[in-house]
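The values are calculated or read from the model by the stated rules, or taken from the named source; none is laboratory data. Please read all numbers here as calculations on a predicted model, not as lab measurements. Cβ placement follows ideal geometry from the backbone for every residue including glycine, while neighbour counts extend to all protein chains displayed. These area figures cover heavy atoms from the full protein model, side chains too; ligands, DNA and RNA do not enter into them. Shrake-Rupley method; radii C 1.70, N 1.55, O 1.52, S 1.80 Å.
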Amino acid sequence: MYRLISEIQKTGDEDMAQTIDIKNFYEGLDRMYGRHDYGETEKYLLGSLKTAQEEMNISLIIAVSNELGGFYRAAGKVDEAKLLNDSVLKALESIGQDRNENYATALMNAANSHNSAHEYDVALGMYKKAEDLLEQLGLGRDYRMAALCNNISSLYRENGDLEEAEKMARKSILIISEIPDARLDMATSLINLGEVQTRLGKYREAEESLKTAAAIYEHDAGGMDIHYASAVAAMGALEYYRGNFEASAEQYRKALELIRRDFGKSAYYTMIENNLKMVEAEMRK
């Protein structure tokens, strides 16, 4: 999920004396994420949205809805995520902010939600619109373009176009490699590349990609980044395809612990739990 990176222009209807502003909201959210308490983080987001709505703080409504949509998508609550992320697009359009970086970011987040819902045509249309806008804004080598390429790669992977998925994943990594202090973004793209390589049967390459991603999360974030679980789960899938069921089960169990820590027993937790059950069934044969 990507944050709205520039200040949202205030409308004339907004009260200047507000309880919280966007900066304070993000600072509070970072503290909540640092605690890895799914329930409390959700309460913080919903409380912030309620406050913003009561105060008619349009810019804060947009920012909180954007974050809450990404939070729900990561937790597997795809329908809620779609509604929120689509509402951000409509809100930005309503105040004439549909040609800037914030709108490109919001397009990417909305597309991610539709992609998670397997609505590939809708998601791809949003991704391409974001790509065109980033190019027009001179951001063709920006970290957002790298993220966009990674997202498009993920869509192609889910849609079965693995060759195109690998190409877009490598494009993402190439852009990120030119950006200072972007190792966590690099790890995200490496997970996707590793998943594509696994599906293509390129197991050695997949192992290298996924181990590098996991090492970045462990070294740079102390294993506390919420995407660390995805790297571990992807390694579980790789070992399953290799036929190493014990190793696969071990990775899936570790992924479940991380997901429970970050999101509780979410839809993502259930999906990985089902993968583990499938591996354990293979082990009993």
Residue count, the stretch 149-174 (criterion: open to solvent by 50 Å² or more (accessible area, probe 1.4 Å), closer than 19 Å to residue 113 by Cβ and charged (D, E, K, R)): 1
Criterion violated by residue 245 - all others in (1) surrounded by fewer than 15 Cβ atoms within 10 Å (Cβ to Cβ); (2) farther than 24 Å from residue 73 by Cα satisfied: (1)
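Give 59, 113 a once-over and let me know the one that is of a type in the set (Ser, Thr, Tyr), over 20 Å from the mean Cα position of the chain (by Cα) and in a helix (DSSP H, G or I).
Details: 113 fails: over 20 Å from the mean Cα position of the chain (by Cα).
That would be 59, the only listed residue that is of a type in the set (Ser, Thr, Tyr), over 20 Å from the mean Cα position of the chain (by Cα) and in a helix (DSSP H, G or I).
So if I check each of 99, 144, which one is assigned to a loop (DSSP other than H, G, I, E, B), in contact with a helix residue (DSSP H, G or I) (Cβ under 9 Å, 6 or more places away or on another chain) and not aromatic (Phe, Trp, Tyr)?
Exactly one residue qualifies, and that residue is 99.
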Yes/no for residue 63 being closer than 27 Å to residue 262 by Cβ, buried (at least 16 other Cβ atoms within 10 Å of the Cβ), touching a Phe, Trp or Tyr at 6+ places or on another chain (Cβ under 8 Å) and at pLDDT below 95: yes
Residue 84 touching a Leu at 6+ places or on another chain (Cβ under 8 Å), at pLDDT 95 or above and either farther than 25 Å from residue 37 by Cα or of a type in the set (Lys, Arg) (or both): no
Members of the stretch 261-281 that are modelled with pLDDT of 95 or more and farther than 17 Å from residue 78 by Cβ: 273, 275, 276, 277, 278, 279, 280, 281
Count of the stretch 240-284 residues which are out of contact with any Leu (no Cβ under 8 Å at 6 or more places or on another chain) and either at positive phi or of a type in the set (Phe, Trp, Tyr) (or both): 7
Residue that is farthest from the chain's Cα centre (by Cα) [pool: residues in the stretch 159-169 that are part of a helix (DSSP H, G or I) and within 20 Å of residue 203 (Cβ to Cβ)]: 163
Those residues of the stretch 263-285 which are open to solvent by less than 30 Å² (accessible area, probe 1.4 Å) and in a helix (DSSP H, G or I), in sequence order: 263, 269, 272, 276, 279
Total residues in the stretch 120-140, condition open to solvent by less than 60 Å² (accessible area, probe 1.4 Å) and under 22 Å from residue 160 (Cα atoms): 7
From 260, 204, residue being closer than 26 Å to residue 41 by Cα, surrounded by fewer than 22 Cβ atoms within 10 Å (Cβ to Cβ) and not hydroxyl-bearing (Ser, Thr, Tyr): 260
Pick from the stretch 193-236, criterion part of a loop (DSSP other than H, G, I, E, B) and out of contact with any His (no Cβ under 9 Å at 6 or more places or on another chain), ranking: nearest to residue 151 (Cα to Cα): 227
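Those residues that are open to solvent by less than 40 Å² (accessible area, probe 1.4 Å) and under 15 Å from the mean Cα position of the chain (by Cα), I need them from the stretch 175-187; list them, please. First the steps, then the outcome.
Taking the stretch 175-187 as the starting set, the residues that turn out to be open to solvent by less than 40 Å² (accessible area, probe 1.4 Å) are 175-176, 182, 186-187.
Hits for the stretch 175-187 are 186, 187.
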Close pairs (8 angstrom Cβ cut-off, 6 or more residues apart or separate chains): of a type in the set (Val, Ile, Thr) in the stretch 248-277, surrounded by fewer than 20 Cβ atoms within 10 Å (Cβ to Cβ) anywhere: 259/266; 270/76
